[in-house]
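Asker: Have a look at this one.
All of the numbers you see were taken from the coordinates with simple rules; none came from a lab. Here the structure is a predicted model, which is why all the values come from computation and not from measurement. Reconstructed Cβ throughout: ideal geometry from the backbone, glycine too, with neighbour counts over all protein chains shown.
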Amino acid sequence: MTVGDVLPVYLVRAGDPALRNEALQALVHDLVGDGDAGLMVEDFDYNEDVEPGAIVDAARTPPFLTDRRVVVARDVTNHSTEALKAIVEYLDDPSPTTSLVLVAAIGDSGAKVPKALSDAVKKVGHVVDASVPGGKGKAMWLQEHLKNAPVRLDAAAATAIEEHLGEDLGRLANLLTALAAAYGTDSKVSVDEVEPFLGEAGGVPPWELTDAIDRGEIGRALDALHRMTRSGSRHPLVVMATLQSHFGNMLRLDGSDVRTEADAAAALGMKGRSTFPAKKALDQGRRLGHDGVARAISLLADADLTLRGFGKSWPDELVMEVLVARLCRLAPARRR
């Protein structure tokens, strides 16, 4: 990563802490250049005793024995919007000899960056978005990173990494570094050579679970469940909410006069965004039929009560495994 002309402020943001830290390290490395990081860089971890005013004071401090200073402020969104006004006001007239680097968790893992702060950064500096894009952008992101990897991966090895890491792409950089250390930079690496380094499978998006259930694939569905609750750190009640929404959409369409994807999207309130989930709910609801949808809702209600301490005294993981297996058995292919 190159920063071009050095700017007075940068905002590094991402949901994944590993990707956030990787982008921060690359940015600070570029800002320091040939200078002495020990003299140039002052790093503030979030601390309730450290107010943004102290960060501003550090940014206004003239450099000593160097031409510039780099002040890093981590987890800025942990501060209140009111407290962050000190940084916003500083950015109206930032120090010409300091690059202030603000680091923020966003998305599921963190709060939103206050608009006033984001706007102030964009006015005089640059936003570094280290998040992995969604949809097709994710595959392009991964392809680009594998292309620039310190080792050359064959097609099978690249596929194994993509499938194994799932949503946990923050592990990619360390994995590639380990492969380069083991086999040598620019070495060609096969899938057999990659597998010992993969470790625990990463989390997967919720649609991998619901798609497997819809197809009646018990093994794939249980694998997706385990990767969501273990590697993905999703609480069973969060997974339950995903399943309730999935089958709840089918229930809302059950018995209606809806015939098209557009009508289904309108009935489910999905106007103005992707209507594909509506099509999936419509098609799967038709395949299950009224009795299948009703049975799924009943299974979900029983499992939800068990998770909340009513009924069987089963471990949460067992409750979810049994639920997923039973939902898979409702799929028409399984019933036949």
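Asker: Given the DSSP H assignment, sum -39500 (n - 2.57) over each helix run of at least 4 residues in the chain and divide by its residue total; what's the result at 222 nm in deg cm²/dmol, nearest 500?
Answerer: Theoretical 222 nm ellipticity from helices: -16000 deg cm²/dmol.
Asker: Match the structure shown to one of the listed values [x] 16.0; [y] 20.3; [z] 22.2 of mean projected area of the Cα convex hull in nm², computed from it, and give that label.
Answerer: The value matching this structure is [z].
Asker: What is the set of long-range amide H partners of F44 at a cut-off below 5 Å, with H atoms built 1.01 Å from backbone N?
Answerer: Result for F44 returns V72, A73, R74.
Asker: Let me ask something else about it. Sort F276, F64, F197, F247 by Cβ crowding within 10 Å, fewest neighbours at the top.
Answerer: Listed from fewest to most nearby Cβ atoms, that is F64, F276, F197, F247.
Asker: Give me the dipole magnitude in Debye, nearest 20, for the chain about the Cα centre, with unit charges on the beta carbon: positive for Lys and Arg, negative for Asp and Glu.
Answerer: 1820
Asker: Give the calculated FRET efficiency between S313 and F197 to the nearest 0.05, with a Förster radius of 35 Å applied to their Cβ-Cβ distance.
Answerer: About 0.30, to the nearest 0.05.
Asker: Go through L307, N148, L19 and say which Cα lies farthest out towards the positive end of the charge dipole of the chain; charges sit on Cβ, +1 for Lys and Arg, -1 for Asp and Glu.
Answerer: Of L307, N148, L19, it is L307.
Asker: Now, a different point. To the nearest 20 Debye, how big is the dipole of the range 206-335 about its Cα centre, given +1 on the beta carbon of each Lys and Arg and -1 on that of each Asp and Glu?
Answerer: 100
Asker: Right, here's the next one. Going down the list K136/K279; K112/K312; K112/K136; K85/K147; K138/K188; K115/K136, which pairs span over 31 Å between their C-alpha atoms?
Answerer: Pairs exceeding 31 Å: K112/K312; K85/K147.
Asker: For S187, S95, S233, which order do you get if you count the other beta carbons within 10 Å of each Cβ and list the fewest first?
Answerer: So the residues, fewest neighbours to most, are S233, S187, S95.
Asker: Between the range 141-219 and the range 275-323, what's the alpha-carbon centroid distance in Å?
Answerer: First find each Cα centre; the distance between them is then 31 Å.
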